[in-house]
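This report concerns only the one structure given below.
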Amino acid sequence: MVFPNDPIMLCIAQKESGTAQFRPSTGKVIVSPTGDYGVMQINKKSWSKTAELLGYDINKPLDNIQMAKHIKSVQGYSAWTTYKFCKPSGSSG
């Protein structure tokens, strides 16, 4: 599993994309109307330059996940709006 020790990130992936990088009907990368890509729905406009500098291609599943880990280290779980559905009860962050 992609987040074996981080159930919150797994929950976020489930809420963002159903843990899928590609649309089953087309085989193309899932892209939201706001330009969020892949399993972790990473915003291309906000993160493409950083991803490139780190050597990640957010169109590839493992790179998308690695970029998500980087985003979490910079902004925390709240970088994803779906975190509100995943945070432990009693958590304020």
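The values are calculated or read from the model by the stated rules, or taken from the named source; none is laboratory data. The model shown is predicted, which means the values in this text are computed figures rather than measured ones. Here the Cβ positions follow ideal geometry from the backbone for every residue, glycine too, while neighbour counts run over all protein chains shown. Quick note on the areas: whole protein, heavy atoms, side chains included, nothing else; ligands and nucleic acids left out. Shrake-Rupley method; radii C 1.70, N 1.55, O 1.52, S 1.80 Å.
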- Out of segment 5-20, which residues are at pLDDT 95 or above and of a type in the set (S, T, N, Q)? GLN14, SER17
- Task: Could you check, for segment 27-43, whether at least one of its residues is among the basic types (Lys, Arg), at negative phi and surrounded by 14 or more Cβ atoms within 10 Å (Cβ to Cβ)?
- Result: no
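Any idea which residue in segment 42-93 is modelled with the highest pLDDT, counting only those that are of a type in the set (Ser, Thr, Tyr) and outside any helix (DSSP H, G or I)?
Only one residue fits best here, namely TYR56.
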- Message: Exactly one condition in (1) open to solvent by 30 Å² or more (accessible area, probe 1.4 Å); (2) in contact (Cβ under 8 Å) with a residue 24 or more places away in the chain; (3) among the β-branched types (Val, Ile, Thr) is false for THR81; which is it?
- Response: (2)
- Query: In segment 19-36, what count of residues is obtained for those that are within 11 Å of the chain's Cα centre (by Cα) and free of Cβ contacts under 8 Å to residues at least 40 places away in the same chain?
  - Reply: 3
- Message: If I go through segment 6-26 residue by residue, how many of them are touching a strand residue (DSSP E or B) at 6+ places or on another chain (Cβ under 9 Å) and open to solvent by 80 Å² or more (accessible area, probe 1.4 Å)?
- Response: 2
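Suppose the filter is in contact (Cβ under 8 Å) with a residue 40 or more places away in the chain and part of a loop (DSSP other than H, G, I, E, B); does VAL39 pass it?
Answer is no for this residue.
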